[in-house]
Amino acid sequence: MSQEFLAQHPRVPLAHTPTPLEYLPRLTEYLKGPSIYLKRDDCTGLATGGNKTRKLEFLLGDALEQGCDTLVTVGGLQSNHARQTAAAAARAGLHCELLLQEVSGAPEGNYDYNGNLLLNDLMGARVHRYPADAFMHEELASYVEELKGRGRKPYAVPLGGSSPIGALGYVVAVQELLQQCVTIGITPAQIVLATGSAGTQAGLLAGLAAARSEVRVIGINVSTTTAAQERKVRSLLHETCALLGVEPPADTAIICNDDYYKPSYGVPNAQMVQAVRLLAEKEGLLLDPVYTGKAMAGMLDLVDSGEIADDSTTVFLHTGGSAGLFAYPREL
Ligand SMILES: Cc1ncc(COP(=O)(O)O)c(C=O)c1O
């Protein structure tokens with residue numbers, strides 16, 4: 001991969017980087033095993049931060065280069081991605097239209113107006129609500145056509161910002177992380193993260209392949225089975241590697257785990273609540289109920305089972321989402 005390719009790709013600076021790489025002494029002591037570090041991508045700085053800021057740097061760059069005046073995207077009602085898209089649009093002076101879908105089994109009350117929905121409203125995004133069984137891919141395509149008919153120039157940001165262009169954000173992020181590991185003198189055996197629309201995991205794997213790094217990446221699924229998630233990651237990883245001109249890693253590098261997301265996307269489970277409370281109490285850190293809470297529950301269990309070795313160093317990628325806590329007060 002040429003660094004020039006990344007440097008020349010249209011990109012709008014949005015994120016506060018490098019995000020910190022922090023040692024978690026109290027969690028490490030509590031686990032009595034591997035050393036745990038947190039890569040603080042919850043601190044990217046854009047309207048409560050999160051992983052989508054890095055993707056949006058490249059997606060917004062692409063939108064502006066195409067002369068677009070509106071960002072349109074899709075997600076669940078409490079989508080962090082949608083909130084980050086609203087913030088990026090506001091920052092660039094663009095309109096923002098959010099097509100948000102009900103989530104089956106999600107709580108009632110605050111979920112319908114607080115958390116990310118409140119922030120979308122503050123940032124001037126227009127929210128359109130859809131039932132849980134709507135086909136959002138088709139809704140997005142048809143709404144884009146409708147906007148064009150009204151003389152607007154929409155840019156369709158895919159679900160989760162997960163296109164090869166969006167994934168470039170995590171190619172850059174992993175270069176940043178590897179440099180930080182050198183600086184502080186650690187050699188992580190694995191990076192653990194929540195994986196949903198797959199752009200973060202695909203971008204990390206593409207960046208690691210480009211750097212010829214052997215660090216294991218463990219994706220904890222938030223919405224689907226291992227086979228389905230691995231297919232999603234693989235396809236986006238191959239497209240991202242093609243864009244970068246990098247040889248994709250072997251399929252064995254793609255690790256997804258579906259043991260921790262049930263009963264379903266956005267619906268709490270007891271291990272998630274425990275993990276959110278543990279990190280808050282032990283480290284003063286805020287996870288979220290949909291992604292990082294379930295991913296942390298997975299990491300804790302993999303430490304417990306020995307899958308993450310006691311003598312290893314682990315980086316947990318904190319992908320943000322704490323605004324979502326305010327949608328789940330009773331469940332937490
Ligand atoms: C807080 C948080 N973590 C993780 C993810 C998953 O990232 P990706 O969709 O790139 O797999 C998301 C996606 O919306 C998110 O909001």
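Annotations for the structure displayed:
- Top of VAL273, VAL171, VAL192 by mean-square fluctuation, Gaussian network on the chain, Cα under 10 Å: VAL273
- Within a Gaussian network of the chain (alpha carbon springs, distance under 10 Å), most fluctuating of GLN229, GLN179, GLN190: GLN179
- Segment ALA242-ILE184, extension gain: residue separation times 0.36 nm, minus the distance between their alpha carbons: 17.7 nm
- Rounded Å value of the spacing that divides the Cα centres of segment 1-43 and segment 275-332: 16 Å
- Max mean-square fluctuation residue, GNM over the chain, Cα-Cα springs under 10 Å, options LEU98, LEU204, LEU279: LEU279
- Segment 6-11 - phi-based ³J(HN,Hα) in whole Hz, Karplus 6.51/-1.76/1.60, Gly and Pro as x: 5, 5, 8, 5, x, 8
- Each of ARG212 and GLU139 was given a label point 7 Å from its Cα along the Cα-to-Cβ line. The distance between the two points is 4.7 nm.
- Table column - 3J(HN,Hα) (Hz), segment 205-222, Karplus curve with 6.51, -1.76, 1.60, x for Gly and Pro: 5, 5, x, 5, 4, 4, 8, 6, 9, 9, 4, 7, 10, 10, x, 9, 5, 10
- Using the average count of surrounding beta-carbon atoms within 10 Å as a protection proxy, the listed peptides 254-260, 180-186, 219-225, 23-29 rank, highest first, as 219-225, 254-260, 23-29, 180-186.
- Sequence-distant contacts, meaning Cα pairs under 8 Å at least 6 residues apart, place the relative contact order of segment 43-196 at 30 percent.
- Note on segment 52-161: with charges restricted to the Cβ of Lys and Arg (+1) and Asp and Glu (-1), its dipole about the Cα centre is near 400 debye.
- Here each label is just a point 7 Å from Cα along the line to Cβ, and for TYR130 and ARG277 those points are 3.7 nm apart.
- Cβ charges +1 (Lys, Arg) and -1 (Asp, Glu), total dipole of segment 238-308, debye: 320 debye
- Eigen-decomposition of the gyration tensor built on the alpha-carbon atoms of the chain gives equivalent ellipsoid semi-axes of 30, 24, 17 angstrom, largest listed first.
- Here the Karplus curve 6.51 cos²θ - 1.76 cosθ + 1.60, taken at θ = phi - 60°, turns the phi angles of segment 31-40 into couplings of 7, 6, x, x, 6, 10, 10, 10, 8, 8 Hz, with x standing for Gly and Pro.
- Dipole axis of the chain (+1 Lys, Arg; -1 Asp, Glu on Cβ), positive-most option in VAL303, HIS318, LEU14: LEU14
- Net charge contributed by nearby residues that have their C-beta within less than 12 Å of PHE58 (K/R +1, D/E -1): +1
- Linear extension gain, GLU4 paired with LYS148, 0.36 nm per residue minus alpha-carbon span: 48.4 nm
- Label sites at SER264 and THR226, each approximated as a point 7 angstrom past Cα along Cα to Cβ, lie 2.3 nm apart.
- Amide H partners (placed H, <5 Å) of VAL127, local residues excluded: LEU98
- Model label zone, ARG330; criterion: amide N under 14 Å from point 7 Å along Cα-to-beta-carbon; scope segment 268-286: 268
- Flagged links, alpha-carbon separation over 30 Å, of LYS39/LYS148; LYS153/LYS262; LYS55/LYS153; LYS32/LYS262; LYS32/LYS232; LYS55/LYS148: LYS39/LYS148; LYS153/LYS262; LYS32/LYS232
- Gained length - LYS32 relative to GLN66, 0.36 nm times residue gap less alpha-carbon distance: 7.0 nm
- Dipole of the chain, positive direction: furthest Cα of GLY76, ASN120, ALA211, with charges on the beta-carbon: ASN120
No lab work stands behind these numbers, since they all come straight from the coordinates. Small disclaimer: the values here were computed from a predicted structure and weren't measured. Ideal geometry is used to build each Cβ from the backbone, glycine not excepted, and the neighbour counts take in all protein chains shown.
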